[in-house]
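The numbers here are math on the coordinates, done by the rules we state, and not lab data. Note that the structure is predicted; figures quoted are calculated from it, not measured. In this analysis, Cβ positions are derived from the backbone assuming ideal geometry, glycine residues included, and neighbour counts consider all displayed protein chains.
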Amino acid sequence: MLKKVIVKAPATSANLGPCFDCLGVALNLYCKISIEKNSKDEICIKGICKDHIKKNADNLVMKIISAFCKKNKISRPKLKIEIDSDIPIGRGLGSSASAVVATLIACNNFFGLNYSKEELLNYALKFEPHPDNIAPSFFGGLVMSSYFEGEAFYYKFEEFKKYKDISFVVLIPEYFVYTQNARKFLTDTKKCKHENYVFGLSNSIANIIALSRGEFSSLNKTMNDTIWHQKQRKNTVKYMDEIIKSALAKGAYGASLSGSGPTIISICKNSKAKLVGESMKKVLDKKHIKSNYKILKLDNKGCVVN
Ligand code: HSE
């Protein structure tokens with residue numbers, strides 16, 4: 001067992017339009033978690049989430065550590081846990097996925113176990129059932145994932161990192177949308193007309209191919225989602241269409257809801273990032289809804305031990 005371990009895991013943006021529950025990208029905002037031996041259990045929380053994370057036995061990180069110890073028949077020592085995250089909670093940027101990923105990698109190192117990231121990926125899904133957030137947070141980059149009979153598969157597009165001239169501009173409204181609630185609005189795709197279903201599926205595949213090949217000029221079409229989730233989520237995300245439209249008008253290649261929202265993500269050339277961010281923000285400013293935008297870059301490393 002080590003004395004102390006510090007791990008950081010990146011934020012993620014899932015779905016990227018129509019690739020619902022299967023495509024995600026890792027971004028350079030981080031959740032940092034440290035685990036240290038201590039004379040008593042202690043949880044310290046820093047960063048922008050400090051008012052929103054529980055410090056009691058319900059703390060997600062502590063719960064995962066206890067579950068990990070139980071699974072591996074380790075008697076859990078008293079610990080000091082420090083959580084320091086730049087990833088806003090409840091905004092569609094994978095904040096809980098990054099905490100799960102960082103905690104599992106921290107446990108693996110701290111307790112001297114040798115699980116691979118692939119093995120931990122499956123275990124992580126017990127705590128956070130969205131591989132489209134979990135997989136890119138583990139591995140970094142643009143990652144396609146699927147979940148079949150209790151096992152997750154992932155495919156990282158290794159070439160994607162070479163597209164250095166793109167930024168991911170995220171508009172983060174001040175209000176929260178919790179994924180569990182947002183998923184209640186999803187409609188049963190069995191009720192979807194055959195032609196719509198085919199359109200949705202082919203558009204998702206086109207979006208994955210366009211992104212992975214760096215054919216960004218197709219994104220204004222392929223990042224549209226009218227079938228799987230975006231349309232339904234207009235109930236929970238304010239002025240989504242207007243924000244997306246304003247980003248495209250300022251030259252973004254494509255824009256969509258990030259995860260279950262309310263953040264909107266735009267992909268654009270580095271030189272257009274500020275203009276795109278300002279213009280998205282202006283839409284909410286006019287409606288008196290507070291927001292801020294960040295210009296983010298791809299994280300290609302995924303979760304790392306410091
Ligand atoms: N794919 C999931 C959803 C991601 O959209 O509900 C949650 O961030």
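Things to note:
- Estimated distance in nm for a label pair at Lys40 and Glu159, the labels positioned 7 Å out from Cα along Cα-to-Cβ: 5.7
- The residues Phe157, Phe68, when put in order of fewest to most other Cβ atoms within 10 Å, stand as Phe157, Phe68.
- The Lys290 and Lys73 beta-carbon pair, evaluated with R₀ = 45 Å, returns a calculated FRET efficiency of approximately 0.40.
- Taking Ser96, Ser266, Ser271 and counting other C-beta atoms within 10 Å, the order from fewest to most: Ser271, Ser96, Ser266
- Rounded to whole Å, sorted largest first: equivalent-ellipsoid semi-axes of region 154-229, Cα gyration tensor: 25, 20, 12
- Taken over region 32-178, the alpha-carbon convex hull comes to 130 cubic angstrom per residue.
- Of the trypsin sites (Lys or Arg not before Pro) found in region 1-109, those that fall in a DSSP loop while having at most 13 other beta-carbon atoms within 10 Å are Lys3, Lys40, Lys50, Lys54, Lys73, Lys78.
- Per-bin percent of Cα-Cα distances, region 110-178 [5 Å]: 3, 13, 20, 18, 16, 15, 10, 4, 0
- Estimated FRET transfer efficiency (Leu275, Ile209; beta-carbon r; R0 41 Å; 0.05): 0.90
- Going from the fewest other Cβ atoms within 10 Å to the most, the residues Thr263, Thr179 appear in the order Thr179, Thr263.
- Within the straight-line cut-off of under 20 Å between alpha carbons, the aspartates and glutamates reachable from Lys4 are Glu36, Asp41, Glu42, Glu82, Asp84, sequence neighbours fewer than 8 places apart in one chain being disregarded.
- Of the trypsin sites (Lys or Arg not before Pro) found in region 132-223, those in coil by DSSP whose Cβ has at most 13 other Cβ atoms within 10 Å are Lys164, Lys193, Arg213.
- Between the beta carbons of Tyr115 and Glu242, assuming R0 = 41 Å, the FRET efficiency works out to 0.35 to the nearest 0.05.
- Each residue of region 167-181 is assigned a 3J(HN,Hα), and the resulting list reads 10, 10, 9, 10, 9, 10, x, 6, 7, 9, 10, 8, 3, 3, 5 Hz, derived from the Karplus form 6.51 cos²θ - 1.76 cosθ + 1.60 (θ = phi - 60°), x at Gly and Pro.
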